[in-house]
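The values are calculated or read from the model by the stated rules, or taken from the named source; none is laboratory data. Note that this is a predicted model, so its numbers are computed, not measured. Cβ sites come from the backbone with ideal geometry, for glycine too, and all protein chains shown count toward neighbours.
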């Protein structure tokens, strides 16, 4: 057994509960209420960013930020349990508050191992907020009718990069996404330090008549945006090259996703879910 | 024996292969809906067991199991070659390796019965692999 610990809890009450190691396996917010909350969180955080750029931090942007963080924490996948022949997914941080119980599992697969496996096929609605957050910065420019301060360009690009990374994660197959993300990371890091930095400096001078470096706040915002984009790409590269996504389907045709640290943990999880499938058909306890 | 009882196979094929309601199948076979539900539930579990047993024999890891459509996708531990297991009604599971994709007549008949290549008229193998791998 690699990386996954199945702890037996409460053995005296004829109830077998296995706690899957939360650091190796975690539920992903791609279905049900967690998907709704995570989509809302992304949208609120992006809106808060745009409102901040438009009006400088005000009560509205701070409220949106707080709500975005709250919904994000609520949709955080905490742990996966196998309880009496059902797979239970728990969401919420620091304490799990949402539970999804998958009683009748009919299919399980490691989508990262399938040659043509695309998450978007199973979680279409989940991908909608990703498109929305890409549209928000463009909507800001259209609605306001003016271009933002050049110093904010990298920060404005954050939702676009995040949305693009998430949309491609959902629409590309796992091997294609890995290739894509490596190329995107290289291209973006090179272009950020050269072309974009030059462009921002030039535009700033054109607009304000001084160097961006003379205004510490504006320079910090531009650098922070670039650093965050680089961080996002680095995280996406590491996550996509290491983690696998296991998808579970129940008898009502609903799909659920689990993130696993590596292919071996994914196989271990599949083995456990298969035990649930075999046990539920026999009407006995899962072994 | 790596085979399902005949009645169980028949019910599974009608419900999942034919995409029909359990009540319809119950009427057609002249049995109660509860009996069909029981056959379906037990059939899925038994078929999963059969597919796991094949994986163990091949010393392969399970990548995908779908007892509703009678198949599994495996990855051989040593070579990394993928193997597709199709349950052929009346005969048991048949294995196709990804490096030598050839379908025997009984497998072709089975994939059609399970509804795995529905709406596909040209390249049957490509169509099947696309269904199993997507």
In segment B:56-76, which residue that is free of Cβ contacts under 8 Å to residues at least 40 places away in the same chain and more than 9 Å from chain A (Cβ to nearest Cβ) is nearest to residue B:128 (Cα to Cα)?
B:72
Sole exception among (1) more than 21 Å from residue A:253 (Cβ to Cβ); (2) within 16 Å of the chain's Cα centre (by Cα); (3) surrounded by fewer than 22 Cβ atoms within 10 Å (Cβ to Cβ) for residue B:29, by number:
(2)
Do we have residue A:228 as at pLDDT 80 or above and surrounded by fewer than 16 Cβ atoms within 10 Å (Cβ to Cβ) here?
no
Only one of these conditions is not met by residue A:94: (1) touching a helix residue (DSSP H, G or I) at 6+ places or on another chain (Cβ under 9 Å); (2) away from chain B (no Cβ under 14 Å); (3) part of a helix (DSSP H, G or I). Which number is it?
(3)
Is at least one residue of segment A:259-268 farther than 30 Å from residue B:72 by Cα, within 27 Å of the chain's Cα centre (by Cα) and buried (at least 18 other Cβ atoms within 10 Å of the Cβ)?
no
Only one of B:95, B:129 that is within 13 Å of another protein chain (Cβ to nearest Cβ) and in contact with a strand residue (DSSP E or B) (Cβ under 9 Å, 6 or more places away or on another chain)
B:129
Scanning segment B:1-19 residue by residue, the ones that are surrounded by fewer than 16 Cβ atoms within 10 Å (Cβ to Cβ) and at pLDDT 90 or above total 3
Condition test on residue A:102, is it under 29 Å from residue B:43 (Cβ atoms) and either within 14 Å of chain B (Cβ to nearest Cβ) or at pLDDT below 90 (or both)?
no
Within segment B:35-134, which strands (runs of 3 or more DSSP E) (wholly inside it) include 3 or more residues that are closer than 29 Å to residue A:172 by Cα and touching a helix residue (DSSP H, G or I) at 6+ places or on another chain (Cβ under 8 Å)?
B:60-66, B:71-76, B:82-88
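Sort out which residues of segment A:208-223 are out of contact with any helix residue (DSSP H, G or I) (no Cβ under 7 Å at 6 or more places or on another chain) and either closer than 30 Å to residue A:111 by Cβ or assigned to a helix (DSSP H, G or I) (or both), and write them in order of number. I'd like the intermediate steps shown before the answer.
Step one: of segment A:208-223, the residues out of contact with any helix residue (DSSP H, G or I) (no Cβ under 7 Å at 6 or more places or on another chain) are A:208-210, A:214-217, A:220, A:223.
A:208, A:214, A:216, A:217, A:220, A:223 - these are the residues of segment A:208-223 that are out of contact with any helix residue (DSSP H, G or I) (no Cβ under 7 Å at 6 or more places or on another chain) and either closer than 30 Å to residue A:111 by Cβ or assigned to a helix (DSSP H, G or I) (or both).
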Quick check on my filter: what residues within segment A:252-270 are in contact with a helix residue (DSSP H, G or I) (Cβ under 9 Å, 6 or more places away or on another chain), under 13 Å from residue A:87 (Cβ atoms) and either assigned to a loop (DSSP other than H, G, I, E, B) or within 10 Å of chain B (Cβ to nearest Cβ) (or both)?
A:254
Just to be sure I understand, how many residues within segment A:110-144 are without any contact (Cβ under 8 Å) to a residue 12 or more places away in the chain and either surrounded by 17 or more Cβ atoms within 10 Å (Cβ to Cβ) or not in a helix (DSSP H, G or I) (or both)?
1
Keeping to segment A:55-86, report how many residues are buried (at least 21 other Cβ atoms within 10 Å of the Cβ) and either on the phi > 0 side of the Ramachandran plot or within 14 Å of chain B (Cβ to nearest Cβ) (or both).
1
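From A:198, A:180, which residue is without any contact (Cβ under 8 Å) to a residue 40 or more places away in the chain, surrounded by 13 or more Cβ atoms within 10 Å (Cβ to Cβ) and either assigned to a helix (DSSP H, G or I) or touching a helix residue (DSSP H, G or I) at 6+ places or on another chain (Cβ under 6 Å) (or both)?
None of the other options fit; the residue is A:180.
Against the definition (within 14 Å of chain B (Cβ to nearest Cβ), in a helix (DSSP H, G or I), touching a helix residue (DSSP H, G or I) at 6+ places or on another chain (Cβ under 9 Å) and closer than 30 Å to residue A:258 by Cα), how does residue A:175 come out, yes or no?
On the way: within 14 Å of chain B (Cβ to nearest Cβ): yes; in a helix (DSSP H, G or I): yes; touching a helix residue (DSSP H, G or I) at 6+ places or on another chain (Cβ under 9 Å): yes; closer than 30 Å to residue A:258 by Cα: yes.
The answer is yes for residue A:175.
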